[in-house]
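The next block holds one structure in the form of structure tokens; read it before the comments.
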Amino acid sequence: MFRFILDKKIGVGQPKRIENAKILVANTAMDTDKVKIYGARVRVDSMSKVAEIEGAEKEKMKEKVNKIIGHGINCFVNRQLIYNFPEELFADAGILAIEHADFDGIERLALVTGGEIASTFDNPESVKLGQCELIEEIMIGEDKLIKFSGVAMGQACTIVLRGARYVFFFCHCKFLSNVVLLHIQGHFFLNSFEVFLFWQCLIAIFHCLFTVDQCFI
């Protein structure tokens, strides 16, 4: 069974476990404070006018959330932040909302679940959803992460190494780089110089990523 781990936490009041997940991977603004974000200035003659503006922005966000829910999903993963109001709406609908997954996270998640990154939600039939058998929150050491099990595609992977000493990571660094190198050589025709450069790049990357306490790749 293919699995993928996302270094994020599940929000408050949201389901901690979802079976037969239908995932919408998106890159869209999920906030209500448009005035601050776009640097606009609004002059009003009373506090009630400010409340009206905030109410109008909330209605726009509610309409957007309803469009997302209309895709028939039970998990929403967004590259950007999700503010409290839309997060509450997703929780009320029983949808797991994961925020701030960054570009690398949503691209890898799209690869493993078979979905596409969406930015508009007016036409649900044109959006390809990702799928997996199970989404659940797990603990590795003292860190909480989200595990996607039984993913559809498996075109990306997660390797987790945990230990107490740098020697442990250095030995596994060399082992992993050799395994990847053999895999690359088996699929592509590379000359010896290209293989040597590739291997040195892997060593350098692993040295940069590995820490004494733990490492997530």
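Quick note: the coordinates plus some simple rules give every number you see, no bench work behind them. Only a predicted model underlies this, so the values are computations on that prediction, with no experimental measurement involved. Neighbour counts run over all protein chains shown; Cβ positions are idealised from the backbone, glycine included.
Comparing 124, 84, 15 along the charge dipole axis of the stretch 1-136, the residue lying farthest to the positive side is 84, per the Cβ-charge model.
Suppose each label sits 7 Å from its Cα in the direction of the beta carbon; what would the residue 153-residue 47 distance come out to in nanometres? Simple spin-label model gives 5.1 nm for this pair. Taking amide hydrogens as placed 1.01 Å from N in the peptide plane, the amide H of residue 75 sits under 5 Å from those of 22, 24, 96, each at least 5 positions away in sequence or on another chain. Here the gap between residue 7 and residue 138, fully extended at 0.36 nm per residue and compared with their Cα-Cα distance, gives a gain of 46.1 nm.
Sorting the segments 53-60, 96-103 by their residues' average number of neighbouring beta-carbon atoms within 10 angstrom, most packed first, yields 96-103, 53-60. Dipole size of the stretch 3-151 about its Cα centre, with +1 on Lys/Arg Cβ and -1 on Asp/Glu Cβ: approximately 140 debye, rounded to the nearest 20. Here the extension length gained between residue 57 and residue 123 equals 21.5 nm, from 0.36 nm per residue of separation less the Cα-Cα distance.
For the charge dipole of the stretch 3-151, defined by +1 on Lys and Arg C-beta atoms and -1 on Asp and Glu C-beta atoms about the Cα centroid, which residue among 139, 100, 55 has the Cα displaced farthest towards the positive pole? My answer, from the dipole projection, is 55. Here the peptides 64-70, 135-141, 19-25 are ranked by packing, the mean other Cβ count within 10 Å, and the order with the highest first is 19-25, 64-70, 135-141. Computed on the Cα atoms alone, the convex hull of the stretch 3-151 gives a volume of 120 cubic angstrom per residue.
Extension gain, residue 93 to residue 17, is 25.9 nm, computed as 0.36 nm per intervening residue step minus the present C-alpha separation.
Applying 1/(1 + (r/R0)^6) with r as the Cβ-Cβ distance of residue 67 and residue 100 and R0 = 22 angstrom yields a FRET efficiency of 0.60.
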